[in-house]
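Worksheet: the structure to be examined is printed underneath.
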Amino acid sequence: MDFMVAVVSAAVPALLASYYYYPRWKDSRIRAQLPLDIETWRYPGRSHEAEERIWNVLSPILARHGLASWPHGVASSTNTPDNEYPRPNGYNELFDQSWSKKLVNLKTWLYWNPLNRAIRTKEGQDVVCRVIVVKGEGINALKSVRRISTGLNSLASCNHTLPMLREFTFEDIVFGIFPMSGSSFGMIFGPDSHDWCKASVGDTLDLFIQAFEALAFIHEKRVAHRDAFIHNYLVQWDPESLKHQLVRLTRPRLYLIDFETALCFPEDSLYDDCTCTGLPFGDINDYALPTPPGVAEGKSYNAFYLDFWQLCYHLAFLQTGIPELDELLLGLVNMGTAAAALDALSERLGQIPPIQLHTQPMYREVVNGHTFYPRQP
């Protein structure tokens, strides 16, 4: 009897130990197959197979959290599971149901790099999973997203960032889950968008109003985005007033995304004290985006002004056909802050009848020595 008690007493801790250490051993094996930094995750190889391998390795971890990747499609795209339409979520909508091509497009999700992945939850909701932190890299981004995309701040009507629905950690990697939204603002703005996008001047300026409101909000919360070009804004649906030949009273909402290069300053910081040096990412030989004077030279600059300058950079190319308004668009950058630009642009647009803005946008070829960036392929 004593012998059996001794055997059982020794076996129970051993079983508990195996239960505890086996998953940890298995997780370590999975972690060893994943990128060691964000840059490698962004560019894991020259083929889409390399990108797919990462998320295939992660499949059991996602399943642990009630998540499953959308299947890979063609090139940098994923398709809805079982070829179903995604469930409505209020952030990604189809305004014009008469265009069958758009109905098909709802079943495909394009990605710029494999840091992001279309995911379906166990409840059947379609969301985006984003890699935020790897081995401590990305902590500023995580702090920024937590501050403005969770809690009470995420409920503010003037907040245009997508809410972070939840986050989860695997080993030294932090993932964020966000609602799936619409197309990039960069896809419907610019000299190469005329052939397929029928957004009017009014549609376009409404989106810029929202973009300035987005920046004014995060700056008030002492978060600087530092990559606030138009490709980092998503649009709830494609505004196409010119296609329907009427002034739309319903407008899509715009969302600011991708806080990878963000800086999160103490909330009690003075606006003018929120400075930094250097490029948002990379070095001057690799950084292809335009910058305001001083940034590329390593001088100290206000991080909020960089956001503001990046948004004004694109808006300055727009020509509305209304001389006084075009002059204002060119001079907005001199106002210095997103809040000041928001007030000035809102006041001016309030004086113009909407039908006068129901025209096709035109674009300048060069502004202050810069050519339009990015151009669509």
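Shape analysis of the chain based on the Cα gyration tensor places the equivalent ellipsoid semi-axes at 43, 25, 19 Å, largest first.
Largest GNM mean-square fluctuation across A339, A228, A156, computed for the chain with C-alpha springs under 10 Å, falls on A156. Each other residue within a Cβ distance under 10 Å of N302 adds +1 if Lys or Arg and -1 if Asp or Glu, for a net charge of -3. Its alpha carbons considered, region 183-371 gives a radius of gyration followed by a Dmax of 16.6, 49 Å.
Among residues other than A75 with Cβ under 14 Å from its Cβ, the summed charge is -2 (Lys and Arg +1, Asp and Glu -1).
For a 27 Å ceiling on Cα separation, which of these pairs sit above it: K107/K143; K221/K299; K26/K135; K107/K221; K107/K198? As for pairs spanning more than 27 Å Cα to Cα, those are K107/K143; K107/K221. Seen from R146, the other residues with C-beta closer than 14 Å to its C-beta sum to a net charge of +4, counting Lys and Arg as +1 and Asp and Glu as -1. Counting beta carbons within 10 Å around each of H225, H358 and listing the fewest first gives the order H358, H225. Taking label positions 7 Å along the Cα-Cβ direction at both K243 and N105, the computed distance is 0.7 nm, reported to one decimal. Residues F168, F229 in ascending order of nearby Cβ atoms (within 10 Å, fewest first): F168, F229. Taking 0.36 nm per residue of sequence separation and removing the Cα-Cα distance, the N89/A296 pair yields an extension gain of 70.5 nm. Residues W112, W70, arranged from fewest to most other Cβ atoms within 10 angstrom of their Cβ, appear as W112, W70.
No lab work stands behind these numbers, since they all come straight from the coordinates. Small disclaimer: the values here were computed from a predicted structure and weren't measured. Please note: Cβ atoms are built from the backbone with ideal geometry, for glycine as well, and neighbour counts cover all protein chains shown.
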